[in-house]
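Here's the structure we're looking at; comments come further down.
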Amino acid sequence: MPLDDVQGQPRAMESLRGALRTGSIHHAWLFSGPEGVGKELAAVGFVQALLCDGAPNAGCGTCATCARVARRNHPDVTWVMPEDEQVRRGYAGRSDFTHTPSRDIKIEQVRKLQERLSYRALEGRYKVAVLALAEQLNNQAQNAFLKTLEEPPAGTIILLLASAVNRLLPTVRSRCSKVPFGPLPRELILQRLRTERKLDGPPAAFVAELSNGSLGQALAMDVEALAGRRELIESFEAVGLHDLGTLTRFAERYSASREEAEASVRLLKFWTRDVALARAGRGRLANADLAELASRVAGRISDADIHRRDRLLDEALGWMTRNNASPRLQWERLLIQVKRAERRAP
Ligand SMILES: [Zn+2]
């Protein structure tokens, strides 16, 4: 059954399978949990199980109905998401909107959905609405949607997928049967990085650590930026205040493009977190392969130095992203400030 494709969420799957087995399908469901842990995959599998004729209450995954559900174009299944998400996914183009695509799910979208739900199902047993990124429903839209949650048209099933459930009104949440999704196990993420990104060893461990259990985040990470992670960190630590050569070479090396400069600053932020962990003597380092360097640096600089690094990196990032400042000058300024503060003898 297609729900079997959802990995690492045994509790959530048990409650969905249980509902399908007993046929007690609540009319509104709230799938909650971080982005990229399988909520939407589970929604597709659940809807297939609801609509599939070949394998009722299970879903075959291969018939025309199941295929259309997976392609998001089954006539009885309405997907609702913010306009900018539609653009990001390629379901709509920027030119389809006369305004900047909204990050909210707006009241007009809810009204349109309500109109569609008021008609009879065209083919299947149910009419289904899937609200992806439901936390983006603005207040007005949530209030308008309450009516549907309270008195849904016959044969309607509503799925809300949300990562920040606290942004949903308590009245919305309380109408839904809740299915919590958790972060995915580290082993599962490592395995998928291996098969889908050909990523292994320390870089894979780094990505797994940073992804916080989100497979979506792990797979979306910029693998190219990661390739030079070790070199970046080692040369950052090697820069000397009185060795202008290493300083300017570093600034030049990591300013080839704005994107590269920003990605490098972000990697150094994780490195700074690792140095703090090494200083505290606990926690799993993101850069586990550089543990020795982390503890050497942690022994040389103070807690205040670590905070300063973090703040200066944030500032540099802010200048680069918001103010279009020259990355090279930002690097030079950052390095001089960091190294000047830390130059005390070890
Ligand atoms: Zn099927």
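For residue 47, state whether it is open to solvent by less than 30 Å² (accessible area, probe 1.4 Å) and away from the ligand (no atom under 16 Å from the Cβ). First the steps, then the outcome.
Numbers: open to solvent by less than 30 Å² (accessible area, probe 1.4 Å): yes; away from the ligand (no atom under 16 Å from the Cβ): no.
No: the conditions fail for residue 47.
What residue, among those in the range 56-73 that are of a type in the set (A, V, I, L, M, F, W, C) and within 17 Å of residue 132 (Cβ to Cβ), is farthest from the ligand (Cβ to nearest atom)?
Quick first cut of the range 56-73, residues of a type in the set (A, V, I, L, M, F, W, C) only: 58, 60, 63-64, 66-67, 69-70.
Imposing the further condition that a residue be within 17 Å of residue 132 (Cβ to Cβ) reduces the set to 69-70.
Values: 69: 8, 70: 10 Å.
Here the residue is 70.
Would you confirm whether or not the range 101-117 contains a residue that is within 16 Å of the ligand (Cβ to nearest atom), of a type in the set (Gly, Ala, Ser) and at pLDDT below 95? Quick ask: steps written out before the conclusion?
Looking only at the range 101-117, we keep the residues that are within 16 Å of the ligand (Cβ to nearest atom), and these are none.
For the range 101-117, residues within 16 Å of the ligand (Cβ to nearest atom), of a type in the set (Gly, Ala, Ser) and at pLDDT below 95: absent.
Looking for something under 26 Å from the mean Cα position of the chain (by Cα), closer than 18 Å to residue 267 by Cβ and open to solvent by 10 Å² or more (accessible area, probe 1.4 Å) - is there at least one such residue anywhere in the range 320-342?
There is at least one residue in the range 320-342 that is under 26 Å from the mean Cα position of the chain (by Cα), closer than 18 Å to residue 267 by Cβ and open to solvent by 10 Å² or more (accessible area, probe 1.4 Å).
With surrounded by fewer than 16 Cβ atoms within 10 Å (Cβ to Cβ) and within 16 Å of the ligand (Cβ to nearest atom) as the only criterion, which of 76, 96, 53 stands out? Don't jump to the end; show me each part of the working.
Details: 76 fails: surrounded by fewer than 16 Cβ atoms within 10 Å (Cβ to Cβ); 96 fails: within 16 Å of the ligand (Cβ to nearest atom).
Among 76, 96, 53, only 53 is surrounded by fewer than 16 Cβ atoms within 10 Å (Cβ to Cβ) and within 16 Å of the ligand (Cβ to nearest atom).
Out of the helices (runs of 4 or more DSSP H) lying entirely within the range 179-253, which hold 1 or more residues that are surrounded by fewer than 15 Cβ atoms within 10 Å (Cβ to Cβ), without any contact (Cβ under 8 Å) to a residue 40 or more places away in the chain and in contact with an Asp or Glu (Cβ under 7 Å, 6 or more places away or on another chain)? Give the steps one after another, and end with the answer.
Details: elements: 186-197, 201-210, 215-220, 223-227, 229-238, 244-253.
Filter on the range 179-253 gives 186-197.
Return the residues of the range 109-164 that are part of a loop (DSSP other than H, G, I, E, B), more than 30 Å from residue 212 (Cα to Cα) and touching a Pro at 6+ places or on another chain (Cβ under 7 Å); say none if nothing qualifies.
First, the residues of the range 109-164 that are part of a loop (DSSP other than H, G, I, E, B): 118-126, 132-133, 138, 151-155, 163-164.
If we keep only those that are more than 30 Å from residue 212 (Cα to Cα) too, we end up with 118-126, 151-155.
If the condition is that a residue be part of a loop (DSSP other than H, G, I, E, B), more than 30 Å from residue 212 (Cα to Cα) and touching a Pro at 6+ places or on another chain (Cβ under 7 Å), then 118, 122, 123 are the ones that fit.
The values are calculated or read from the model by the stated rules, or taken from the named source; none is laboratory data. Source: prediction; values computed, not measured. Heads up, the Cβs are rebuilt from the backbone with ideal geometry, glycines too, and the neighbour counts pull from every protein chain shown. Just the protein is used for accessible areas: all its heavy atoms, side chains included, with ligands, DNA and RNA removed. Shrake-Rupley method; radii C 1.70, N 1.55, O 1.52, S 1.80 Å.
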